[in-house]
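Q: Let me give you the structure first, and then I'll get to my questions.
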Amino acid sequence: MFQDSPGNLVLFAPTQHSMCYSLSQHLGAEVGEIEHRQFPDGETYLRVLNNVKGKKCVILLDLVNPNPKYLPLIFLSNTLRDLGAESVGLVAPYLSYMRQDKRFNEGEAVSSRIFAKALSHHVDWMVTVDPHLHRFASLDEIYSIPTVVVQAAPAIAEWLKGESEVMLVGPDAESQQWVEQIASISEHPFIIGEKKREGDREVHITFEAIENNLPKKVVIIDDVISSGHTILQCVNELKTLGVQNISCATVHGIFAEDADSMLILSGLTELVTCNTVAHHSNRIDVSRFIADAVYQCL
Ligand code: R5P
């Protein structure tokens, strides 16, 4: 039988996101329940256990490793619509398929455009945190639904509060937007490196402006850690330059192939992430900013 929800807002977290409790508290939302499993042939069974008729539904799902999550997501959003939900929105604290934003080599799929077009059919709005916008100026270029982008910079700057004699370091030009924004709030000096990527796991990083002004401590800032090789090369280069105390704060910690262990072994003093992707390094809670963004969409 359906469970009846007292309020008008129901939050579903199909993969039990660690932010579910705090987000439901900030939103004053009931936490919805679903039953889902795989049939022996790999197909998905899904059943919604709440009465969502006339309710506003929010699906919380980080889109790390998106392929196996995509079909269950669209089954859930379409079922909520079929059951009479007034609206169905997606909170994707980490938004996947943002980095293949152009055809670098002839014949390649521009997956960011294709993914955005597909997702736009299945939800009414979307909230995400610091998507990797590099060649697209905004999500509106590829998403046809209303979207709100939450910036993690204020939360990261807050985490840096009280740290003196720290220099912020961005590994590459793409990180400059985040580093600049955080530095403008925290008032720390910063430098940006130059990165050459030769392959998925082959990265070269150089810093020019540091030799004459060696900081006691640096905090490397990036939007996402995937293979970890960008941060690893940063750490190695900074150590070569004589920096002893190196921490790293990133928005999204994906940590493919045990990249977190590799980074700790590289000599990082501290590895900190926002809670957009559940991981034991989550020290920076962005759920209240996400709740504010959700209210803008309802
Ligand atoms: C790319 O420019 C991003 O800002 C990150 O630096 C990059 O995606 C990190 O990837 P990885 O951890 O695989 O080096």
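Q: Would you mind calculating the relative contact order of the chain from Cα pairs under 8 angstrom and at least 6 residues apart, reporting the percent as a whole number?
A: 14
Q: Here is a follow-up. How much space per residue, in cubic angstrom, does the convex hull of the C-alpha atoms of region 185-270 take up?
A: Working: hull volume 8.2 nm³, N = 86.
Dividing the Cα hull volume of region 185-270 by its residues yields 95 Å³.
Q: Each label point is 7 Å from the Cα along the Cα-to-Cβ direction; what then is the distance between the points at Met262 and Asn65, in nm?
A: Here the answer is 1.7 nm between the modelled labels.
Q: Taking amide H positions as placed in the peptide plane 1.01 Å from N, state which residues far from Asn51 in sequence (5 or more) or on other chains have amide H under 5 Å from it.
A: Answer set, sorted by chain and number: Gln3, Asp4, Ser5.
Q: Can you give me the convex hull volume of the Cα atoms of region 58-157, divided per residue and expressed in Å³?
A: 111
Q: Per residue, how much accessible area does the chain show when a 1.4 Å probe rolls over the protein heavy atoms, in square angstrom?
A: Normalised by residue count, the accessible surface of the chain is 48 Å².
Q: For helix 287-297, report the angle its Cα long axis makes with the longest principal axis of the Cα atoms of the chain; keep it between 0 and 90° and round to the nearest 10°.
A: Once rounded, the angle reads 50 degrees.
Q: Based on the mean of other beta carbon atoms within 10 Å per residue, what is the order of 200-207, 89-96, most packed first?
A: In decreasing order of mean packing, 200-207, 89-96 become 89-96, 200-207.
Q: On a 0 to 90 degree scale, rounded to 10, what angle separates helix 67-82 from the longest Cα axis of the chain?
A: 40
Q: Residue-wise, which Karplus ³J(HN,Hα) couplings in Hz belong to region 219-231, taking 6.51 cos²θ - 1.76 cosθ + 1.60, θ = phi - 60°, and x for glycine or proline?
A: 10, 7, 10, 8, 7, 8, 10, 10, 6, x, 6, 4, 5
Q: Which value, in debye to the nearest 20, gives the size of the charge dipole of the chain about its Cα centre, when Lys and Arg are +1 and Asp and Glu are -1 at the Cβ? Show your work: numbers first, answer last.
A: Working: 23 positive and 38 negative charges, 102 e Å.
For the chain, the charge dipole is close to 500 debye.
Q: Between helix 111-122 and the chain, what is the angle of the helix's C-alpha long axis to the longest principal axis, kept within 0 to 90° and rounded to the nearest 10?
A: Long axis of 111-122 versus the principal axis of the chain: about 30 degrees.
Q: A follow-up question, please. Which one of Tyr94, Val166, Pro154 is farthest out on the positive end of the charge dipole of region 64-198, using unit charges on Cβ (Lys, Arg +1; Asp, Glu -1) and the Cα centre as origin?
A: Tyr94
Q: May I pose another question? Would you mind computing Rg(Cα) / (2.2 N^0.38 Å) for region 120-242, counting N as its residues?
A: In units of the 2.2 N^0.38 Å rule of thumb, it is 1.19.
Q: Let me ask you something else. For region 66-127, which whole percent of the accessible surface, found with a 1.4 angstrom probe, sits on carbon and sulfur atoms?
A: 53
Q: Check the straight Cα-Cα distances from Lys117 and name the lysines below 17 Å, setting aside those fewer than 8 residues away within the same chain.
A: Candidates past the 8-residue exclusion: Lys69, Lys102.
Q: A further question follows. Under a 5 Å amide H to amide H cut-off, with H placed in plane at 1.01 Å, what residues pair with Val91 once short-range neighbours are removed?
A: Those lying under 5 Å, H to H, from Val91 are Ile59, Leu60, Leu61, Val127.
Q: If r is the Cβ-Cβ distance from Asn236 to Lys117 and R0 is 30 Å, what FRET efficiency results, to the nearest 0.05?
A: 0.15
Q: Can I ask one more? In what sequence, highest mean first, do 17-25, 97-105 appear when ranked by Cβ atoms within 10 angstrom?
A: 17-25, 97-105
Q: If each residue of separation counts as 0.36 nm, what is the full-extension length gain between Glu141 and Thr79 once their alpha-carbon separation is subtracted?
A: Result: 19.5 nm gained on full extension.
Q: Moving on. For the chain, what D do you get in µm² per second when you plug the Kirkwood radius from alpha-carbon pairs into Stokes-Einstein at 4 °C and 1.567 mPa s? Walk me through the numbers before you get to the answer.
A: Numbers: Rh = 20.4 Å.
The Stokes-Einstein estimate is 64 µm²/s.
Q: Hey, can you rank 112-124, 134-146 by average C-beta count inside 10 Å, highest first?
A: 112-124, 134-146
Q: Rounded to a whole number, what is D in µm²/s for region 10-86 from Stokes-Einstein with the Kirkwood radius over alpha-carbon pairs (4 °C, 1.567 mPa s)? Before the final figure, lay out the partial values.
A: On the way: Rh = 13.0 Å.
Diffusion coefficient, whole number: 100 µm²/s.
Q: Using θ = phi - 60° and the Karplus curve 6.51 cos²θ - 1.76 cosθ + 1.60, what whole-Hz ³J(HN,Hα) does each residue of region 236-245 get, with Gly and Pro shown as x?
A: Values, residue by residue: 4, 5, 5, 5, 4, 7, x, 7, 9, 10 Hz.
Q: May I pose another question? Taking θ as phi - 60°, what are the ³J(HN,Hα) couplings along region 40-56 by the Karplus curve (6.51, -1.76, 1.60), each to the nearest whole Hz, with x for Gly and Pro?
A: Those phi angles translate into x, 8, x, 6, 9, 9, 9, 9, 8, 9, 10, 7, 10, 4, x, 9, 9 Hz.
The values are calculated or read from the model by the stated rules, or taken from the named source; none is laboratory data. Keep in mind it's a predicted model, so treat the numbers as computed, not measured. Counting neighbours? That spans all protein chains shown, and the Cβs are built from the backbone with ideal geometry, glycine included. Ligands, DNA and RNA are stripped out before the accessible areas are found, and what is left, the full protein with its side chains, is counted by its heavy atoms. Shrake-Rupley method; radii C 1.70, N 1.55, O 1.52, S 1.80 Å.
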